[in-house]
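Colleague: I am attaching a structure below and will ask some questions about it afterwards.
Every read-out reported here was derived from the displayed coordinates using simple, explicitly stated rules and does not represent laboratory data. Keep in mind it's a predicted model, so treat the numbers as computed, not measured. Reconstructed Cβ throughout: ideal geometry from the backbone, glycine too, with neighbour counts over all protein chains shown.
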Amino acid sequence: MLIDSHCHLYYEPYVNKIKDTLDTCKKYNVRKLLSIGVDIETSKKNIELANLYKEIFCTIGIHPNEVINASEANLIELKKIFKNSNKILAIGEIGLDFFRNKNIIEQENFFHKQIKIALELNLPIVIHSREAEEYTIKILKDYQNENLKFVVHCFTGTKKFAENIIKLNGYISVGGILTFKKSEELRDICKDFPLEKILIETDSPYLSPDPLRGRVNCPSNVRFVAEKLASVKSLNIDEIEKVTENNFNQFFCTQ
């Protein structure tokens with residue numbers, strides 16, 4: 001099966017027609033979706049969706065761009081709402097984004113504290129890192145002896161960033177950008193990155209892959225990412241489906 005390891009199902013156009021979205025996914029053998037939280041409100045909505053639909057799993061967390069609106073009370077609430085579902089697979093998306101906001105100290109503080117929550121709850125983390133590669137790796141190195149499992153979502157980083165992720169035994173997740181004509185460097189990195197450490201995603205409703213650029217993205221479009229990854233790795237699509245499904249289950253400890 002195909003799995004969309006990173007989407008945002010609480011946004012339009014999905015939230016009011018989840019059944020239609022899931023039916024479309026089934027047509028393309030996309031059988032599991034991981035909806036990613038970005039703040040307390042969306043984390044709670046994720047839990048509602050995951051509890052309603054067997055195909056949907058979720059994460060809870062505070063995105064670095066939401067740190068400016070967040071408080072310590074939100075971190076306490078994260079731990080509380082974890083009890084509301086057994087389908088919460090990770091803390092995320094969390095991390096650093098210095099493209100939109102320069103509140104470095106606050107972002108680092110929330111990153112550290114959410115990592116500690118993940119360790120306490122025995123969960124992996126889903127990382128957002130934009131224009132913050134060195135800072136991200138520096139923080140992850142602080143936890144390299146604590147069995148922290150992490151995936152850098154929507155990976156578009158440098159070769160050095162990829163090499164550091166491998167050294168720290170991390171995963172990457174690739175999305176529609178892998179299909180863009182200008183993404184030769186990303187494809188080269190993915191060619192060398194260990195396949196058993198790669199997940200695939202859409203980041204729906206954002207970043208539609210070719211040939212659908214400019215449209216609202218959909219979880220069923222993860223098939224285009226799988227096809228491109230198969231081409232990059234010189235494998236057939238069935239192999240990519242099998243390996244990325246296994247990677248997802250291994251990383252998130254699910255079946």
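Colleague: Would you mind getting me the FRET efficiency between Glu196 and Arg100? Use the beta-carbon distance for r and R0 = 45 Å, nearest 0.05.
Modeller: Details: r = 33 Å, r/R0 = 0.73.
Calculated value: 0.85.
Colleague: Given the C-alpha centroids of the stretch 16-69 and the stretch 116-171, what is the distance between them in whole angstrom?
Modeller: Cα centroid of the stretch 16-69 versus Cα centroid of the stretch 116-171: 22 Å apart.
Colleague: Top mean-square fluctuation among Lys242, Lys197, Lys159, Gaussian network model of the chain, C-alpha springs under 10 Å?
Modeller: Between Lys242, Lys197, Lys159, it is Lys242 that shows the largest mean-square fluctuation.
Colleague: Give the relative contact order (percent, whole number) for the stretch 2-252; include only Cα pairs under 8 Å separated by 6+ residues.
Modeller: Details: 473 pairs, mean separation 48.3, N = 251.
Relative contact order here is 19 percent.
Colleague: Same structure, new question: Determine, for each peptide in 149-155, 207-213, 3-9, the mean count of other beta carbons within 10 angstrom over its residues, then list the peptides with the highest first.
Modeller: On the way: 149-155: 24.3, 207-213: 16.0, 3-9: 27.3.
Answer by packing, highest mean first, reads 3-9, 149-155, 207-213.
Colleague: Another question, then. Over the Cα atoms of the stretch 1-147, compute the convex hull volume and normalise it per residue, giving Å³. Present the calculation step by step, with values, prior to reporting the outcome.
Modeller: Working: hull volume 17.5 nm³, N = 147.
Cα-based convex hull of the stretch 1-147, divided per residue, equals 119 Å³.
Colleague: Given the DSSP H assignment, sum -39500 (n - 2.57) over each helix run of at least 4 residues in the chain and divide by its residue total; what's the result at 222 nm in deg cm²/dmol, nearest 500? Could you put the intermediate results ahead of the total?
Modeller: Numbers: 9 runs with 106 residues, N = 255.
Helices in the chain give a 222 nm mean residue ellipticity of -13000 deg cm²/dmol.
Colleague: Further, regarding this structure: In nm, give the distance between the simple-model label positions of Asn249 and Glu77, each being 7 Å from the Cα along the Cα-to-Cβ direction.
Modeller: The two pseudo-label positions are separated by 3.6 nm.
Colleague: Treating only the Cβ of Lys, Arg, Asp and Glu as charged (+1, +1, -1, -1), what charge dipole size does the chain show about its Cα centre? Round to the nearest 20 debye. Let's see the in-between values first.
Modeller: Working: 35 positive and 35 negative charges, 79 e Å.
My answer is approximately 380 debye.
Colleague: Quick one: which residues, 5+ away or cross-chain, put their amide H under 5 Å from the amide H of Gly95? H built at 1.01 Å from N.
Modeller: Correct list: His128.
Colleague: Hey, another quick one. Kindly provide the chymotrypsin sites (Phe, Trp or Tyr not before Pro) of the stretch 82-113 that DSSP labels as loop, not H, G, I, E or B, and whose Cβ sees at most 14 other Cβ atoms within 10 Å. Can you show the working numbers first?
Modeller: Working: sites: Phe82, Phe98, Phe99, Phe110, Phe111; in loops: Phe98, Phe99.
Answer by residue number: Phe99.
Colleague: For the stretch 54-121, which trypsin sites (Lys or Arg not before Pro) are both in a DSSP coil and crowded by at most 16 other Cβ atoms within 10 Å? It would help to have the intermediate numbers written out before the result.
Modeller: Values: sites: Lys54, Lys79, Lys80, Lys83, Lys87, Arg100, Lys102, Lys113, Lys116; in loops: Lys54, Lys87, Arg100, Lys102.
The qualifying sites are Lys54, Arg100, Lys102.
Colleague: Quick one: if the Förster radius is 22 Å, what FRET efficiency do Ser231 and Lys160 give, using the C-beta to C-beta distance and rounding to 0.05?
Modeller: Details: r = 25 Å, r/R0 = 1.12.
Here the calculated transfer efficiency is 0.35.
Colleague: A follow-up question, please. Any chance you could run the full-extension gain for Arg215 through Asn122? It's 0.36 nm times the residue separation minus the Cα-Cα distance, nm to one decimal. Provide the component values of the computation, followed by the final result.
Modeller: On the way: separation 93, 0.36 × 93 = 33.48 nm, distance 3.73 nm.
Going from the current span to full extension adds 29.7 nm.
Colleague: Please give, to one decimal in nm, the separation of the simple spin-label points placed at Asn86 and His112, each 7 Å out from Cα toward the Cβ.
Modeller: 3.6 nm
Colleague: Using a 7 Å offset from Cα along Cα-Cβ at Asn16, what residues in the stretch 25-41 end up with backbone N under 16 Å from the label point?
Modeller: none
Colleague: Can you match percent of Cα pairs over 32 Å apart to one of these, (i) 43; (ii) 25; (iii) 14, based on a calculation from the structure here?
Modeller: Read-out taken from this structure: (iii).
Colleague: Lys and Arg at +1, Asp and Glu at -1: add these up for the other residues within a Cβ distance under 13 Å of Pro211 and post the number.
Modeller: Values: positive: Lys181, Arg213, Arg215, Arg223, Lys228; negative: Asp210, Glu227.
Within the 13 Å Cβ shell, the charges total +3.
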